[in-house]
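Data first, discussion second: the structure below is written as structure tokens.
The values are calculated or read from the model by the stated rules, or taken from the named source; none is laboratory data. Note that the coordinates shown come from a computational prediction; the quantities given were computed from them, not determined experimentally. Reconstructed Cβ throughout: ideal geometry from the backbone, glycine too, with neighbour counts over all protein chains shown.
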Amino acid sequence: MAGIMCRYLGGMPAVATSFSREKLFQIARSLPADLQVLSGLGDLLQDVNSELEEIASLLRRDVALAARIVRISNSAMFGGGGQIASVEEAVNRVGFGEILKLVGTATTARFSERALEHYGISAQLLRDNMLHGAFACEELARAAGADTRVAYTAGLMRTLGIMVLDRAGRGHLHWTERYVPSRWPTYSAWEGGMFGVDNCEVSALILAEWRFPREMGDALRRHYLARATDGGSQLACLLNVAGSLTQRENRSLIGENGCWEIAPEKLQGAGLTEDQLEPALAAANHAFDAAVAALAG
């Protein structure tokens, strides 16, 4: 797989600013709490003894998230007709099968409000990349016989390190030190020089701190497939192939575009065949369009 890697190294800036783990954790804590809620929700969904009331209780802890969940549950995506007025009703309406997707869609609404200045990523593109990547990874996992909930959540959390590093740069970087595609071939090249760590490693560190499954953090660390050993993680390969589907729909992030080339080794690592890609993309696009409509409503 060495010939198709997304390269970490490239033209480095002259000034480097390193951030300690504790500083990165501190910045991550300033992110909307919605992302951490997904970890607790994942634990509950994995426990066959969990009750819907436990899930509702978790979601009520964040008032803003709860309000968005109620609003989105009334959309056509979740079969609502404007009758749902509480988190309990929303959870009971969608049930275990769709609750993760409901909360994930509600979570991305928060990220449509603020651009990532230092990366040059608009708020809408960030939201669209998160949503489409989650649905694409979910559909690919379904085709591969892998855990769709883990794949969906990993796809949704994939840009966590980028969000944290963008916040780290506020007040520390000058205008000329923002990411410029013509100067740095990848985000990782720029991040390595600016922060001493790339977004994939940051994502893995934060997910471990938030007690997400180790498999997920490991996959996010490796999903650019930058090293020969990275293809040993099926979830990392699924995330990478999902990135290629999102790129085809013009919802990819410019500093990652060199990472998503489809190759036989990637498909093999993901447990996929090439003829499974088009149906997965069609299903992901359908889910994405429904989610965007739900958010707009």
Q. How about region 107-147: which of its residues are in contact with a strand residue (DSSP E or B) (Cβ under 7 Å, 6 or more places away or on another chain) and either in contact (Cβ under 8 Å) with a residue 60 or more places away in the chain or surrounded by 22 or more Cβ atoms within 10 Å (Cβ to Cβ) (or both)?
A. L126
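Mind listing whichever residues of region 241-297 are outside any helix (DSSP H, G or I) and either basic (K, R) or under 20 Å from the mean Cα position of the chain (by Cα) (or both)? Talk me through it step by step, then tell me what you get.
From region 241-297, those outside any helix (DSSP H, G or I) are 249-253, 260-263, 271-273, 297; that's our starting set.
Those that are outside any helix (DSSP H, G or I) and either basic (K, R) or under 20 Å from the mean Cα position of the chain (by Cα) (or both): E249, N250, R251, S252, L253, W260, E261, I262.
Here's the yes/no breakdown for (1) closer than 25 Å to H118 by Cβ; (2) at pLDDT 95 or above; (3) touching a Phe, Trp or Tyr at 6+ places or on another chain (Cβ under 8 Å); (4) not small (G, A, S):
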residue: A204; (1), (2), (3), (4): yes, no, no, no
residue: W210; (1), (2), (3), (4): yes, no, no, yes
residue: D218; (1), (2), (3), (4): no, yes, no, yes
residue: C237; (1), (2), (3), (4): no, yes, no, yes
residue: R248; (1), (2), (3), (4): no, yes, no, yes
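Listed here are the residues, each with its yes/no results for (1) of a type outside the set (V, I, T); (2) on the phi > 0 side of the Ramachandran plot; (3) over 22 Å from the mean Cα position of the chain (by Cα).
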residue	(1), (2), (3)
R21	yes, no, no
A28	yes, no, no
Q36	yes, no, no
S50	yes, no, yes
S57	yes, no, yes
V63	no, no, yes
N74	yes, no, yes
Q: Kindly indicate which of R142, R114, R93, R110 is modelled with pLDDT of 90 or more and basic (K, R).
A: R142
(Q) I'd like the full set of residues that are of a type in the set (G, A, S) and surrounded by fewer than 18 Cβ atoms within 10 Å (Cβ to Cβ), limited to region 67-94. (A) A67, A76, G79, G81, G82, A85, S86
**Q.** The one condition in (1) β-branched (V, I, T); (2) over 29 Å from C200 (Cβ atoms); (3) in contact with a Lys or Arg (Cβ under 6 Å, 6 or more places away or on another chain) that T108 fails to fulfil
**A.** (2)
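Table: residues versus (1) crowded, with 19+ Cβ neighbours inside 10 Å; (2) out of contact with any Leu (no Cβ under 6 Å at 6 or more places or on another chain).
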{"position": "R222", "(1), (2)": "yes, yes"}
{"position": "N240", "(1), (2)": "yes, no"}
{"position": "S244", "(1), (2)": "yes, yes"}
{"position": "N250", "(1), (2)": "no, yes"}
{"position": "N257", "(1), (2)": "no, yes"}
{"position": "E265", "(1), (2)": "no, yes"}
{"position": "T273", "(1), (2)": "no, yes"}
{"position": "L277", "(1), (2)": "yes, yes"}
{"position": "H286", "(1), (2)": "no, yes"}
